[in-house]
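Engineer: Here it is: the structure, laid out below.
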Amino acid sequence: MTSQTPGDGSVTRRRPRLRRAFTLGVVLTTAVMTAGTATAASGGRHGSPDLGPNVTVFDPSMPVSTIQATLDAAHAAQVNNEMGTTRHAYLFKPGTYGTAEQPLQIKVGYYTEVSGLGASPADVVINGKVEVYNRCLADNGTGNCLALVNFWRTLSNLSINVNALGQDGCRASANFWAVSQAVSLRRLNISGGNLSLMDYCTAGPQYASGGFIADSRLPSVTNGSQQQWLTRNSEVAGWSNAVWNQVFAGVVGAPDDSAFPSPPYTTLETTPLSREKPFLYVDAQGRYNVRVPEARRGTRGITWADGLTPGRTLPIHEFFVAKPSDSVQTINNQLARGKNLLLTPGVYDIARSIEVKRANTVVLGIGHATLTAVNGSTPLEVADVPGVVVAGVTIDAGLKKSPVLLKVGKQRHGHGHGHDKGHGSNNPTTLSDVYFRVGGPHIGKTETALEVNSDNVLIDHTWVWRADHGVEGFTDTQRWNTNTGRTGAIINGDRVTATGLFVEHFQRYNTVWNGEDGTTILYQNELPYDPPTQADWMNGTVEGYAGYKVGNHVKRHNLYGGGVYVFNQNNPSIHTENGFEVPATPGVKLHHIMTVNLSAGIIDHVVNGIGDAADTTKIGAPIYITDYPAP
């Protein structure tokens with residue numbers, strides 16, 4: 001349950017994972033990071049852009065102690081600021097930071113991006129660590145230590161030469177990245193030590209529920225308690241441990257999955273469709289640019305092994321660099337003039353849609369730029385054109401219900417009315433690290449979070465979240481009727497691919513897939529915690545809504561690695577008939593799927609009446625199906 005003590009921002013949050021439920025005493029801080037910035041001054045056509053007060057740019061000539069102090073202050077302000085409004089990006093110009101004798105040890109808090117400004121990850125080297133630890137939420141910060149609410153942070157485009165000088169024996173054993181959803185690792189080159197995706201140096205339970213890695217060269221990785229994870233187009237020296245659902249696509253060194261579900265690995269030799277996230281970089285002349293990687297098919301490994309990632313370079317003057325104070329009218333006018341859009345960190349109140357109408361437009365957010373719906377708006381609409389890229393943007397529902405938070409393409413009246421067949425198939429509109437929230441920091445209401453009507457769209461890592469906790473001060477019964485979100489994602493377009501689709505807690509179907517030839521690689525879902533009664537959780541005469549629904553008319557669909565979890569804490573007697581619901585046809589194939597009970601409620605079957613019940617006699621024990629339909 002969630003409760004708020006008036007005036008102090010304190011939250012008690014019950015979020016179960018693995019073996020049992022927990023009450024988390026989350027103390028939020030509203031402190032604003034006020035450390036000095038190194039923001040580049042506004043320049044001309046070829047000068048440095050004005051990235052605003054919430055971007056700090058470091059230069060290798062700066063003393064390590066100055067950089068360390070700035071980042072320590074940032075972490076202190078943000079480590080507990082889960083539902084706050086502060087956003088920041090810390091960007092490193094090409095060069096080396098930290099030394100063997102004085103390593104730079106960075107800890108990353110909420111709504112924080114740490115990224116290199118090189119054309120290659122090798123251009124920015126951190127001698128030290130970049131880490132996230134468990135939050136310890138009891139006994140004055142010494143107990144109930146876990147990573148289940150470590151959300152909303154970004155690490156990308158740099159090398160880490162792991163150096164733990166000055167840390168104790170346990171902390172010296174790895175670079176720790178203990179996180180859960182809405183946290184991406186991209187374009188990393190880590191050497192000199194191991195990477196751990198859990199923090200085993202604190203008191204228990206040490207649970208984590210991530211996550212996503214792409215286009216990275218990694219040492220041996222300790223997965224540990226991570227319940228689900230997608231690693232895509234990367235290289236790993238080794239991978240240990242798996243809990244429920246570990247998926248690898250196009251990864252050199254990925255573990256073999258032939259013994260599934262023991263361990264529960266799912267490995268695709270290549271990724272059928274991928275496009276790396278655009279990144280900001282500084283060239284040899286000191287000019288800022290955005291590299292926009294090209295879409296690729298049937299690939300394996302990293303994009304930067306042989307030089308600059310294939311794609312196109314856009315100079316920064318081709319972008320409108322927006323601040324939260326800019327009006328939507330100003331942004332739309334700039335888009336209409338042919339500009340791309342760079343959203344600097346902050347919270348943008350959006351009372352009418354930002355409209356992306358031109359093919360190949362890039363909308364790039366840095367520092368977890370957040371668009372909040374005002375007066376029931378749809379904050380972002382993308383026309384039915386190819387090649388648009390939206391990346392690094394969080395979209396929040398507002399106090400008045402929105403019909404949808406992000407719409408790609410016009411609404412379809414019938415099937416097959418998107419782009420002409422094949423149009424844009426090699427240049428898909430792409431959503432990378434686009435996150436959605438309904439509730440949490442404030443009341444939120446929407447009918448649907450993400451609606452994709454266009455064909456040939458790539459969704460590369462998204463978390464679509466109807467909040468199961470927040471600072472609104474609701475009981476779970478109140479949340480059901482106040483933070484309303486009917487459907488998380490509706491996919492109407494054909495040939496849509498999702499790599500890393502995380503959708504949680506919506507009040508009907510969490511995901512509805514109506515388009516043909518769809519592919520999902522890793523799906524993670526928690527059903528809503530808060531239906532008050534079984535009558536509130538009925539789909540006609542059927543008990544509950546499946547976590548993943550493929551439309552009845554669909555003939556061809558593939559899912560690789562999917563999980564649906566249940567925790568009906570508001571009423572533990574509630575049933576959900578199926579975790580997955582799909583047409584029984586040979587072309588609709590589900591590979592490596594599971595359901596699991598987190599300690600309350602029941603999922604009667606995994607898919608279409610097949611599979612044992614995930615009930616309270618099997619808490620934390622997944623019910624697996626290797627293939628549906630069975631071969």
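Engineer: With 10 angstrom as the radius, rank M538, M198, M83 by how many other C-beta atoms surround their C-beta, starting from the fewest.
Structural biologist: So the ranking, lowest neighbour count to highest, is M538, M83, M198.
Engineer: When Lys and Arg each count +1 and Asp and Glu each count -1, what net charge do the other residues less than 9 Å away from V132, Cβ to Cβ, add up to? Let's see the in-between values first.
Structural biologist: Values: positive: K107, R153; negative: E131, D199.
So the surrounding residues net to 0.
Engineer: Taking amide H positions as placed 1.01 Å from N in the peptide plane, with prolines and chain starts having none, which residues 5 or more places from D460, or on another chain, fall under 5 Å of its amide H?
Structural biologist: For D460, the qualifying residues are L431, S432, D433, T499.
Engineer: May I ask you to compute the full-extension gain from D615 to D168, defined as 0.36 nm times their residue separation minus their alpha-carbon distance, rounded to one decimal in nm? Intermediate results must be reported in sequence, preceding the final value.
Structural biologist: On the way: separation 447, 0.36 × 447 = 160.92 nm, distance 4.20 nm.
Separation in residues times 0.36 nm, less the Cα-Cα distance, equals 156.7 nm.
Engineer: List the relative contact order of the chain as a percent without decimals, with contacts defined as Cα pairs under 8 Å and 6+ residues apart. Present the calculation step by step, with values, prior to reporting the outcome.
Structural biologist: On the way: 2014 pairs, mean separation 53.9, N = 631.
Dividing the mean separation by the residue count of the chain yields 9 percent.
Engineer: Among K357/K410; K277/K445; K277/K555; K277/K549, which pairs are too far apart, with a Cα-Cα distance over 23 Å? Kindly include the intermediate steps, with their values, before the conclusion.
Structural biologist: Details: K357/K410 11 Å; K277/K445 29 Å; K277/K555 31 Å; K277/K549 28 Å.
Check vs 23 Å cut-off fails for K277/K445; K277/K555; K277/K549.
Engineer: I've got another one for you. Under a Cβ-Cβ cut-off of 9 Å, what is the net charge of the residues other than E543 that fall near it, where Lys and Arg count +1 and Asp and Glu count -1? List each step's numbers first, then the result.
Structural biologist: Numbers: positive: none; negative: E577, D604.
Here the charged neighbours net out to -2.
Engineer: With a 10 Å Cβ neighbour count serving as the proxy for reagent exposure, in which order, fewest first, do L458, L399 appear? Intermediate values should be presented prior to the final figure.
Structural biologist: Details: L458 20, L399 13.
Ascending number of Cβ neighbours within 10 Å: L399, L458.
Engineer: Let me ask another. Ordered by residue, what ³J(HN,Hα) values in Hz, to whole numbers, does the stretch 466-474 give under the Karplus form 6.51 cos²θ - 1.76 cosθ + 1.60, where θ = phi - 60° and Gly and Pro are x?
Structural biologist: Coupling constants for the stretch 466-474: 8, 5, 9, 7, x, 9, 6, x, 8 Hz.
Engineer: Quick one: work out the % antiparallel among DSSP beta bridges in the chain, nearest 5.
Structural biologist: Details: 35 of 191 bridges.
Of the beta bridges lying entirely in the chain, close to 20 percent run antiparallel.
Engineer: So, one more: Please turn the phi angles of the stretch 550-557 into ³J(HN,Hα) values with the Karplus equation 6.51 cos²θ - 1.76 cosθ + 1.60 (θ = phi - 60°), one per residue in order, whole Hz, x for glycine and proline.
Structural biologist: 9, x, 4, 7, 5, 9, 9, 6
Engineer: Starting from the Cα gyration tensor of the stretch 125-188, take the square roots of the eigenvalues, sort them a ≥ b ≥ c, and report rounded, prolate or oblate (rounded when a/c is under 1.5, otherwise prolate if a/b is larger than b/c, else oblate).
Structural biologist: Numbers: a/c = 3.37, a/b = 1.25, b/c = 2.69.
The shape class here is oblate.
Engineer: Beyond 30 Å between alpha-carbons counts as too far, so tell me which of K323/K407; K93/K407; K107/K323 fall in that bin. Can you show the working numbers first?
Structural biologist: Working: K323/K407 23 Å; K93/K407 35 Å; K107/K323 26 Å.
With Cα atoms farther than 30 Å apart: K93/K407.
Engineer: Now for a separate question. Mind listing the long-range amide H neighbours of Y348? Cut-off is under 5 Å, sequence gap 5 or more, other chains count too, H placed in the peptide plane at 1.01 Å from N.
Structural biologist: So Y348 has HN proximity to T370, L371, T372.
Engineer: Let me ask something else. I need R437, R358, R153 ordered by Cβ neighbour count within 10 Å, fewest first.
Structural biologist: Working: R437 29, R358 16, R153 21.
Listing R437, R358, R153 from fewest to most nearby Cβ atoms yields R358, R153, R437.
Engineer: Find out how many positive minus negative residues lie around G166, taking Lys and Arg as positive, Asp and Glu as negative, among other residues whose Cβ is under 15 Å from that of G166. Let's see the in-between values first.
Structural biologist: Details: positive: K107, K129, R171; negative: D72, E101, E131, D168.
Every neighbour counted, the sum reads -1.
Engineer: Could you work out the helix-only [θ] at 222 nm for the chain, with each DSSP H run of four or more residues adding -39,500 (n - 2.57) and the total divided by the number of residues, to the nearest 500 deg cm²/dmol?
Structural biologist: Working: 3 runs with 31 residues, N = 631.
After summing the helix terms and dividing by residue count, I get -1500 deg cm²/dmol.
The numbers here are math on the coordinates, done by the rules we state, and not lab data. Computed from a prediction, not measured in an experiment: that's the story for all the values here. Cβ: placed from backbone, ideal geometry, glycine included. Neighbour counts: every protein chain shown.
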